[in-house]
Every structure is written in structure tokens, then in C-alpha cells.
1. For residue 210, what accessible area in Å² do you get when you roll a 1.4 Å probe over the heavy atoms of the protein chains, rounding to the nearest 10?
2. For residue 473, list long-range residues whose amide hydrogen, built 1.01 Å from N in the peptide plane, is under 5 Å from its own amide hydrogen.
3. Suppose each label sits 7 Å from its Cα in the direction of the beta carbon; what would the residue 210-residue 246 distance come out to in nanometres?
4. Show me, for the stretch 144-150, the HN-Hα J-couplings you get by feeding each phi into the Karplus relation (A = 6.51, B = -1.76, C = 1.60, θ = phi - 60°), rounded to Hz, glycine and proline as x.
5. Find how much the distance from residue 392 to residue 406 grows on full extension, using 0.36 nm per residue of separation minus their present alpha carbon separation; answer in nm with one decimal.
6. Rolling a 1.4 angstrom probe over the protein chains, ignoring ligands and nucleic acids, what is the accessible area of residue 361 in square angstrom, nearest 10?
7. Roughly to the nearest percent, how much of the accessible area of the stretch 340-383 is carbon and sulfur, given a 1.4 Å probe?
8. What does the highest-first list of 197-207, 375-385 look like by mean Cβ count within 10 Å?
Amino acid sequence: MLVAAAAVAAGILMFALFRQSATARAGQAEAEIGRGCDAIAAAYRFYSAGWRGPSSGADTAALRRDLTTVAQTALRERPGVEGGVWQNGAGSLAYAFPTYQGAGPKTDVPQAELERIRAVNRSALADERAVATRYDASTQILLVAACPLPGPIPNLTAWTMTRVLTFAGDSYRLLMAGLGILLATVLAAAALLARLTTRWPRHIGRIEAILQAHDIAALPMLPMTGERELDRIVVALNEAGRRLAEARQRANRQARQIASGERLAAIGRVAAGLAHEIRNPIAAMRLRAENAITRGSEHKDQAFAAILGQVDRLDAVLSRLLTVTERDQPRPETVALTPFVEACAAAHAELAEAKHVRIRCEADGGAASFDPGQMRSALDNLILNALQAAPRGTDIVIGACNHPEALIFSVRDNGAGPPAGIREHLFEPFVTGRADGSGLGLSIVREVAEAHGGIARLGVCQTGTIFEIVIPWRLS
């Protein structure tokens, strides 16, 4: 539309310039016929200076021939101008068109313009001055001028006439050429725009389909379209995809290296913790056995009992380790939250009383879906840790809170919390901040939370320590 509007505006401007050119040429032609009329008058004065004929100027063939010569002489250097000598009452006495482009000389006054020629001559004779008249037609402008010829022959006037072709000639051909060039330009622009509007969407659609068919993490190699500007974008996308693939490969290598290092570190920590947990009972059993050998048979029963106690301790360590490594699938049930939390607290009431610690429950009403056995095991570990850390005379708060998208179990105490150096690996096996701890309790908590599709975390509170189990909230 913009190209069409510009073309129309340019065409209107060209046509306006053409019209101005025609008007200017008409003005020039009017001046030219005026000079032609003056030239006839000057030639007639020269001719009549030595006049010997009758004062009335008889209409003879010789006079007509002489006046025709006068007109021919005056107009021979004026292309496109015709004219002659007119006498009021007698009509045309002489006619000349020396620059006529036809096959032969033109000797007759144009009959189609005769009335106009008579009128302009009558007007010039009546006003005794030069007169010019303009007649506009659809394809040309007719200009007629007349001027009185004073002298021995009365009622004489000279007249000249020319035509300005508005839709012909050089100006018209230039206009047509300009409009033709403009039309060709518009058609070429329209063809180019049509090509762009049909081909570009097709190329872009193909690129979009290719990109949608591949993972954004692995940009495909896009084919060239043949469109120079669009291919620059394609090259940039291909280069970006190549750099992205290289960066992803480097990131994968680094991730594998980091994961391998973390696995080795975790294996090292587990091995060290396991060795520590096994070494102590073995050392105790060895000491009891040596004492029994050196002190005699009266101490064997005590030694055997102590050795069996250490064997039970080893069995407990291995059982808890198997609990960590062998994840059982949870069996969800609809459980009322308040009775469940109160039951967990009641199981530790005697130990809490012995340590002079109070256990309080803060549970939302309603029910949720989870495995009560696994969750009870996880909360037992958190409560036992809290009983170990809580100062005398403080409270331990067991909570169950329903959030819009999660169910959160929490155990909060007023203890100092785990040491800062182990918090990053707090939920890994055999990581503990107590000398008498096994380091398996929090790893069991993490396994239970992950089995339910959630997480276990060390929360943030203003005073004390809070551990949280966050699982999806499935049933209200």
C-alpha cells in the first residue's frame, strides 16, 4: 500500500509538472505569435513605403501575391506559426505557413478556424491594437493573434496562429515514459514484495517446525534458505547451537567429574563411619575375651554377655544401614494428623520426662495420605535427636501443617543444632555431631521423605533448631 501510495503521488506530481509545462509552452507560443504578427506588420510597412497603387488598395492577384510574400518572409523563421493578412469585408488577402511539415506547401486558410480568425481580426481592427485569443481543447491549445496594419490600404490586419499540443509532442512522450518507468517500478516492487511475503513465511515456518521438533537443549543444524538476509540469521542460530553443544559437553564432563568426586567422598565418609561403628564393638569384644582368658572361668559368663551385647549393637548398626540402603515403597493410607502426631509424642513421653523435657503437639485438623509406619520411623529419629539436644526444662514441639501444595512434619527444640561443619552433609549416612551417635538417623529421615516424593531439610527458626519433612499434600 505504501508503494502504491508513493506511485500515485509521484504520478500526480508528474502530471502536474506536465500541465505546468503545457501552460508554459502555451505562454511561449502566445509570445511567439505576437512577435510573428509584429514581423508581418514590419514587413508590410517596408512593402507599403514605396506604394504607388490606388489608395483604396484594389483586390488584385498581384496584391495578393505581394502580401503573401510579405507573410512568407515574416514567418519563415517561426516554426509552427501560420498567418496572413486580413481585410475587413474582403476576408483573407494573403496566407502563409512556411514551416508546414506536410508533403507540399499549405496555401489555404484553415476552414475550421475561419470564424475564430475573422473574430480576432475584427477585434484588433476595432480596438486598434494587438489582440490574442486562446482556445483550450482536450488535446491542444489554439492561439490566435491579430494586429492592425496602418498604411495606404484601409482595414488591414495581420494575424498569426499556432497550436500547442497538450497530449502530444516531446513533453507528452516524456510524461508517458516517466509514467511507464514508474509503473514498471511499482510492478517490480510488488513482485519483490509478493516474493518476500510468500517465500519468507514458508522458510520461517520450516525453521520453526525444525526447532519445535528438537529439544531446545540441542539445537539442530538448520538448512540454508537461499535468502541472503534470512541466511544470516540461520548461520547465527547454527553457530549458537554449535557453541551451546560444546558448552553442554563441557558442563556434562564437569558434572560427571563432580558427581564422581562426590560419590567417592560419600563412599569415603560411609566407609569411615562404618569402620568406626564396627571397630568399637570389635575392640570391646576383644577386650572382654582377653579378660576372660586371663582372669579365669569365673569371668567368662560376664564376658560372653558383654560380647553378645556388642554383637547386638553390630546387628542394630547393620539393620539401620540396610534401612537406609534398601528403600521400601511407601503404602499410603488416609491418616488423621492430630492423633498421629500425638501417638508419636506419647511413645517418647517417659524418656522426655526422664530428661526433664516437655513434648507438645501442634497439628492441623483433617487428614492426609502417607505411609504411617515409615513416617513414624522418620519422626522417631527426629524426636530422639531432639531429646538428645534439648536443654533441661525446655519444650520439644512436634508439628504437622497443611500448606496449599505440601504437608510439612516438623520437630523443633531449643538446642544449639548440628555443628556448622557437617550441615552440608547432614543427611548422609554416618554423619553425626555426637560422639555416641551412629549418623544413620537423619539418613533414614531423608530416605522416607524421598520415598514419599518430598524432601527432608534443616529449617530456619528464630531460636533453637527445627527439622522438617516436606511431602506432597495428597488428601485433605
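The values are calculated or read from the model by the stated rules, or taken from the named source; none is laboratory data. Values in this document were obtained by computation on a predicted structure and should not be read as measured data. Don't worry about glycine lacking a Cβ; one is built from the backbone with ideal geometry, like all the others, and counts go over all protein chains shown. Areas reflect the complete protein model, heavy atoms only, side chains present, ligands, DNA and RNA absent. Shrake-Rupley method; radii C 1.70, N 1.55, O 1.52, S 1.80 Å.
1. Estimated to the nearest 10 Å², residue 210 gives 40 Å².
2. 406, 407
3. Result: 2.0 nm between the two label points.
4. In residue order, the calculated couplings are 10, 10, 8, 8, x, 10, x Hz.
5. Values: separation 14, 0.36 × 14 = 5.04 nm, distance 3.30 nm.
Taking 0.36 nm per residue and subtracting the Cα distance, the gain is 1.7 nm.
6. About 60 Å², rounded to the nearest 10.
7. Its accessible area is 49 percent carbon and sulfur atoms.
8. 375-385, 197-207
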